[in-house]
Amino acid sequence: MMSSVPKRPKVNDQRINLEDGSSYECEQSLQNVIRLDIIPRLLRSQRTQTSTSVINRVESLLKITDFEISVFMNLCIAEEDQASQSYIKKLIADGISTDQLFLELITPAARLLGEKWEEDLLDFTRVTQGLVRLHSITHEIGFEFQDGPTQAGDVRRLLIASSPGSKHFLGPNIVANFFRKFGWQVVVEVSASSQELIHAAGNEWFDLIGISVSTQQQLNTLAQLIHDLKKGSRNPQTKVMLGGPIFSVEMHTAADYGADVICIDAKKAVEIAASILA
């Protein structure tokens, strides 16, 4: 593994040592992404105009209670993946409309997760797991966030995510923090599936897409994911940067997966991004 970084890193071959930064920086990045990024974006989601699965013929007269919000939030952080989806299906069968589900259940549940995080009643892993499930359900019932630019602007924009299905977002959060310090607009995506991540890349303009990979299993589908991301991106010239623990322990090149660069040093990521965009 290379121990130094040239001023103009060669695309597809760049590898540098990982430095996660101080524990304070880690803590700040976690708080920022939960409080200032993920939850606000989820709360600002809107109904998609083209979805046919969420058309409500009659507005429900039923009301969702605080108890149901609490139950739903706990199901979202439970080990059983399908528990929260099953609860949603039951409410729909009982006559709750999809607008109500979003406004009276999902949105308050997102706020409740944020409150539990701020009060230190839930750790970051469980909060992230809950947000991933809320994000997925939000898409399933036909709501999405679409508030960013759809063409190039003066400020560079980064979409960063862990490989779909991952429940660990510490690395991307730390990297996002460094990019924000240098004036980038950053979206931390918590997609539960490849389709959702590809949809996010096509929804807004991004100069760079960053993907953190943790396991060998995620490498098996990485090339197809990058191909689909570039094909579906709103920016036809978007670049893809790879990072994550797997690249610290195994030798790979970005070209192996159709990406533009591999970077495993959060503090150098902004410099490398600028070089490949130039």
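Assorted remarks:
- Looking across the range 93-125, just one residue is among the charged types (D, E, K, R), over 18 Å from residue 40 (Cα atoms) and touching a helix residue (DSSP H, G or I) at 6+ places or on another chain (Cβ under 9 Å), and that is 123.
- Residue match in the range 174-186 (condition: assigned by TED's automatic domain parsing to the domain that holds residue 264, free of Cβ contacts under 8 Å to residues at least 60 places away in the same chain and buried (at least 22 other Cβ atoms within 10 Å of the Cβ)): no
- Checking every residue in the range 112-133 against the condition of being surrounded by fewer than 23 Cβ atoms within 10 Å (Cβ to Cβ), in contact with a Phe, Trp or Tyr (Cβ under 7 Å, 6 or more places away or on another chain) and either in the same structural domain as residue 239 (by TED's automatic domain parsing) or not in a helix (DSSP H, G or I) (or both) gives zero matches.
- Among the candidates 69, 96, residue that is crowded, with 17+ Cβ neighbours inside 10 Å and assigned to a loop (DSSP other than H, G, I, E, B): 96
- Candidates in the range 100-119 are the residues that are of a type in the set (D, E, K, R) and modelled with pLDDT of 85 or more; of these, the one that is nearest to residue 39 (Cα to Cα) is 111.
- Lone unmet requirement of (1) closer than 15 Å to residue 107 by Cα; (2) modelled with pLDDT under 85; (3) touching a Ser or Thr at 6+ places or on another chain (Cβ under 8 Å) for residue 139: (3)
For every residue, the table says whether it meets (1) within 15 Å of the chain's Cα centre (by Cα); (2) modelled with pLDDT under 90; (3) of a type in the set (Val, Ile, Thr); (4) farther than 26 Å from residue 137 by Cα.
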{"position": "168", "(1), (2), (3), (4)": "yes, yes, no, no"}
{"position": "175", "(1), (2), (3), (4)": "yes, yes, yes, yes"}
{"position": "212", "(1), (2), (3), (4)": "yes, no, no, no"}
{"position": "233", "(1), (2), (3), (4)": "no, no, no, no"}
{"position": "269", "(1), (2), (3), (4)": "no, no, no, yes"}
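- Scanning the range 210-261 for residues that are among the small types (Gly, Ala, Ser) and within 19 Å of residue 191 (Cα to Cα) gives 210, 212, 214, 223, 232, 233, 243, 244.
- Of all residue pairs spaced 6 or more apart or on separate chains, those with beta-carbon atoms under 7 Å, a first member in the range 94-116 that is at positive phi and a second member that is part of a loop (DSSP other than H, G, I, E, B) are 95/60; 95/62.
- Scanning the range 225-249 for residues that are over 19 Å from residue 151 (Cα atoms) and either of a type in the set (Ser, Thr, Tyr) or in contact (Cβ under 8 Å) with a residue 24 or more places away in the chain (or both) gives 225, 226, 227, 228, 241, 242, 243, 244, 245, 246, 247, 248.
- Condition met for residue 79 (acidic (Asp, Glu), over 23 Å from residue 177 (Cα atoms), loosely packed, with under 13 Cβ neighbours inside 10 Å and without any contact (Cβ under 8 Å) to a residue 60 or more places away in the chain): yes
- Each residue in the range 195-239 was checked for being among the hydrophobic types (A, V, I, L, M, F, W, C) and assigned to a helix (DSSP H, G or I), and 10 of them qualify.
- Total residues in the range 152-190, condition in a loop (DSSP other than H, G, I, E, B) and acidic (Asp, Glu): 1
The values are calculated or read from the model by the stated rules, or taken from the named source; none is laboratory data. Please read all numbers here as calculations on a predicted model, not as lab measurements. Every residue, glycine among them, receives a Cβ derived from its backbone with ideal geometry; neighbour counts consider all protein chains shown.
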